[in-house]
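The values are calculated or read from the model by the stated rules, or taken from the named source; none is laboratory data. Remember, predicted model here, so these are calculated numbers, not experimental data. Don't worry about glycine lacking a Cβ; one is built from the backbone with ideal geometry, like all the others, and counts go over all protein chains shown.
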Amino acid sequence: MNKVIVVAGPTASGKSALAIDLAEAFNGVVINADSMQIYQGTPIISAAPSEEDKKRVPHRLYEIFSPDVNGSVVDWLNLAVAEIKNCWAEGKMPIVVGGTGLYLDNLINGTTPIPETSAEVRQKVMQKLHEIGVNKLHEELALHDPITANRLSPNDTTRVRRAYEVWQETGIALSEWHKKPMIKKLPEAKFLVVKILPSREELDERCFLRWDKMMNAGALREVENLARLDLDKNLPAMKALGVPELLQFVEGKITLDEACSLAKLHTRQYAKRQMTWFRHQLTADIEICSCYHGQKSEKENVILGVKKRL
């Protein structure tokens, strides 16, 4: 059948609940496309599916990497493609859900033919980053790839590191790789995209409420456990929403109230960036203009809309 349902939207918009409802309606498997939910150790703070959710429908690519792993979009894409093909082979509907625009864009529209960087190169660059800092690494990147360096903020650790890794691995600037034709990993796929774009006011309220629920459920305990691992703070798992702020509290640098206020502010800012990206960069077959709550009429309308377009 070669069909894939994609559920996209900002954090706290209800997309995970919608994905589960769609999986139940279409004999589906929920496949994660959230760059933080792939890591172990922080199911509460990353809002990973609960055990109850997993019992309702199959879930894939959640909590698959140790927090000391430096995962990339290429790692995720290869795994996601394999899971989608498994679904097709089993006669099930793959339902890809997440708020990481880069993941979804690469899956739907294709990716540049950049070779995967080796674990050795990643480790080497991570060590260099740890020694000299992101600003100096950005300066070195500018010597070899001035176009990419000019496009990136000197403080954008993830993208600066990635661009430097590509140059180290291939000897070719990332900007040159981006000039090459895009390659689709699933050219045979027919994607049906459902996009959730609520109002800012509604989303802000949901973000704040969810943070309070996370704290009550044990988010601080998760971060305390992470702190005991003494991991490099540049690792993706250490930069998940709420983790850096609570780490500052654990380290005695700020109060818990200050940490929570900062986490809510940064979550709100992140959701705003997601909204902007989804609004302008992701074309959707169905757009939902409020957060998804899973009410009966709401669920029926979305399922009917998807059914008509499949």
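Would you confirm whether any residue within segment 20-27 is in contact with a helix residue (DSSP H, G or I) (Cβ under 9 Å, 6 or more places away or on another chain) and β-branched (Val, Ile, Thr)?
If we filter segment 20-27 for residues that are in contact with a helix residue (DSSP H, G or I) (Cβ under 9 Å, 6 or more places away or on another chain), which is where we start, we get 20-26.
When the remaining residues are screened for being β-branched (Val, Ile, Thr), the result is 20.
Yes, segment 20-27 has at least one match.
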Cβ-Cβ below 6 Å, separation at least six or inter-chain, first residue in segment 293-310 and on the phi > 0 side of the Ramachandran plot and assigned by TED's automatic domain parsing to the domain that holds residue 17, second of a type outside the set (S, T, N, Q) and part of a helix (DSSP H, G or I): which pairs?
294/17
Taking residue 231 as meeting all but one of (1) over 21 Å from residue 131 (Cα atoms); (2) more than 17 Å from the chain's Cα centre (by Cα), write down the number of the exception.
(1)
Let me confirm something: among 238, 275, which residue is surrounded by 13 or more Cβ atoms within 10 Å (Cβ to Cβ), out of contact with any Lys or Arg (no Cβ under 8 Å at 6 or more places or on another chain) and in contact (Cβ under 8 Å) with a residue 60 or more places away in the chain?
238
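Results for (1) over 17 Å from the mean Cα position of the chain (by Cα); (2) over 19 Å from residue 217 (Cα atoms); (3) part of a loop (DSSP other than H, G, I, E, B), shown as yes or no for each residue.
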{"site": "6", "(1), (2), (3)": "no, yes, no"}
{"site": "10", "(1), (2), (3)": "no, yes, yes"}
{"site": "13", "(1), (2), (3)": "no, yes, yes"}
{"site": "22", "(1), (2), (3)": "yes, yes, no"}
{"site": "30", "(1), (2), (3)": "no, yes, no"}
{"site": "35", "(1), (2), (3)": "no, yes, yes"}
{"site": "44", "(1), (2), (3)": "no, no, yes"}
{"site": "52", "(1), (2), (3)": "yes, no, no"}
{"site": "69", "(1), (2), (3)": "no, yes, yes"}
For segment 201-220, pairs from a residue that is crowded, with 18+ Cβ neighbours inside 10 Å to a residue that is part of a helix (DSSP H, G or I) and among the small types (Gly, Ala, Ser), with Cβ under 7 Å and 6 or more apart or across chains, are 203/271; 207/271; 211/263
Does any residue of segment 124-143 turn out to be more than 24 Å from residue 172 (Cα to Cα) and either among the hydroxyl-bearing types (Ser, Thr, Tyr) or touching a Phe, Trp or Tyr at 6+ places or on another chain (Cβ under 6 Å) (or both)?
no
Among (1) buried (at least 18 other Cβ atoms within 10 Å of the Cβ); (2) basic (Lys, Arg); (3) closer than 30 Å to residue 122 by Cα, which single condition is residue 195 missing?
(3)
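For segment 226-235, how many residues meet the condition of being in a helix (DSSP H, G or I) and surrounded by fewer than 13 Cβ atoms within 10 Å (Cβ to Cβ)? Spell out the reasoning first.
Here is the first cut: in segment 226-235, the residues in a helix (DSSP H, G or I) are 226-228.
Checking which are surrounded by fewer than 13 Cβ atoms within 10 Å (Cβ to Cβ) leaves us with 228.
Going through segment 226-235 one residue at a time, the tally reaches 1.
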Which one of these does residue 210 not meet: (1) part of a helix (DSSP H, G or I); (2) outside the structural domain of residue 303 (by TED's automatic domain parsing); (3) among the basic types (Lys, Arg)?
(2)
What tally of residues in segment 80-118 results from selecting those that are buried (at least 20 other Cβ atoms within 10 Å of the Cβ) and in a helix (DSSP H, G or I)?
7
Counting only residues that are part of a helix (DSSP H, G or I) and touching a Leu at 6+ places or on another chain (Cβ under 8 Å), segment 269-298 contains a total of 5
Given (1) crowded, with 20+ Cβ neighbours inside 10 Å; (2) part of a helix (DSSP H, G or I), index of the condition residue 266 fails:
(1)
When you go through 117, 148, 112 one by one, which is the residue that is at pLDDT below 95, under 23 Å from the mean Cα position of the chain (by Cα) and under 23 Å from residue 234 (Cβ atoms)?
117
So residue 137 fits all but one of (1) modelled with pLDDT of 95 or more; (2) crowded, with 17+ Cβ neighbours inside 10 Å; (3) in contact with a helix residue (DSSP H, G or I) (Cβ under 9 Å, 6 or more places away or on another chain); (4) under 26 Å from residue 181 (Cα atoms); what number is the exception?
(4)
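Sort through 220, 241 and tell me the only one that's among the hydrophobic types (A, V, I, L, M, F, W, C) and in a helix (DSSP H, G or I). Walk me through it before giving the result.
Numbers: 241 fails: in a helix (DSSP H, G or I).
Just a single option satisfies the conditions, and that option is 220.
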State whether one or more residues within segment 260-277 are farther than 24 Å from residue 200 by Cβ and of a type in the set (Phe, Trp, Tyr).
no
